[in-house]
1. Within region 29-49, track down each residue that is part of a strand (DSSP E or B) and either within 19 Å of Y136 (Cβ to Cβ) or not polar (S, T, N, Q) (or both).
2. Between a residue in region 87-108 that is free of Cβ contacts under 8 Å to residues at least 12 places away in the same chain and any residue that is not basic (K, R), which pairs come within a Cβ distance under 9 Å, given they are 6 or more apart or on different chains?
3. Which of the residues that make up region 55-86 are among the polar types (S, T, N, Q) and out of contact with any strand residue (DSSP E or B) (no Cβ under 7 Å at 6 or more places or on another chain)?
4. Search region 69-103 for residues being of a type in the set (F, W, Y) and at pLDDT below 95, and hand back the single one that is nearest to F26 (Cα to Cα).
5. Check I66 against each of (1) over 17 Å from I115 (Cβ atoms); (2) at pLDDT 80 or above; (3) in contact with a Phe, Trp or Tyr (Cβ under 6 Å, 6 or more places away or on another chain) and name the one condition it does not meet.
Amino acid sequence: MKKSICFLTLAAVTGLSAFAADGPKFELTGDYSYLQFNPTINGLQSRAFNGGGGQAQYNFSKYFGIKADFQGYGSTQWTLNVTSPIPTSKGIIPIGTYKSNGNMFTYMFGPTLGIHTHHFNLFSEVLFGGSASNAYASLYNQTIVGGSTSGSGSQHPFTMAFGGGVDLNAGKHVAFRLGELDYVLTRYTNPFTSTNNQNNFRYLGGVVFKFGGE
């Protein structure tokens with residue numbers, strides 16, 4: 001079974017390589033971004049962040065490059081329904097419905113692996129960096145009583161992403177990013193329980209401008 005999988009993988013890569021073209025030296029991308037954020041707070045479901053940003057990529061060769069990725073997400077309302085008082089290390093959250101807004105900015109860097117063909121570009125990536133958000137602090141300030149009533153304005157935790165996508169070439173210098181799908185790990189500290197690690201999903205789509213190369 002393992003030999004069959006290895007053979008099929010090798011055949012797919014070899015087949016794509018036969019149609020591969022020399023890629024550009026530089027790529028600049030403007031994009032729309034959707035982030036499904038999982039805050040790991042009891043009673044609070046995953047949140048949808050909408051925004052956008054850009055990516056800059058330098059390609060060392062036909063297959064390998066390095067990317068810088070910057071994305072910003074606008075204010076999203078968080079609603080927490082508390083049906084019975086919740087004690088926390090910072091105070092007590094009384095019964096009620098609490099609403100607050102939050103935004104996020106991510107900045108990551110890392111290597112890419114791609115194959116450029118005449119019609120499509122396929123790529124994968126692993127990115128490391130950080131992010132910033134005031135979402136946890138805003139919700140914290142709305143809910144906690146009997147304890148500290150203020151939280152840090154924002155956190156700047158370690159953030160990473162890995163995934164890949166496909167571009168459709170519209171010419172020598174322009175391509176459309178049909179979709180980039182990434183798993184995104186953020187390490188925001190939950191101020192209610194002092195836990196961290198959020199497992200999130202990201203989609204990007206946009207326009208790629210290509211420079212240099214053949």
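The values are calculated or read from the model by the stated rules, or taken from the named source; none is laboratory data. As the structure is a prediction and not an experimental result, all values here were calculated from the model. Positions of Cβ are generated from backbone atoms using ideal geometry, with glycine treated the same way; all protein chains shown enter the neighbour counts.
1. Keep residues of region 29-49 that are part of a strand (DSSP E or B), which gives 29-37, 41, 44, 47-49.
G30, D31, Y32, Y34, L35, Q36, F37, I41, L44, R47, A48, F49, listed by residue number.
2. P87/I93
3. Just the residues of region 55-86 that are among the polar types (S, T, N, Q), to begin with: 55, 57, 59, 61, 71, 75-77, 79, 81, 83-84.
The answer is S61, T83, S84.
4. We begin by selecting, within region 69-103, every residue of a type in the set (F, W, Y); these are 70, 73, 78, 98.
Imposing the further condition that a residue be at pLDDT below 95 reduces the set to 78, 98.
Details: W78: 39, Y98: 46 Å.
Filtering first and then ranking leaves W78.
5. Single failed check for I66: (1).
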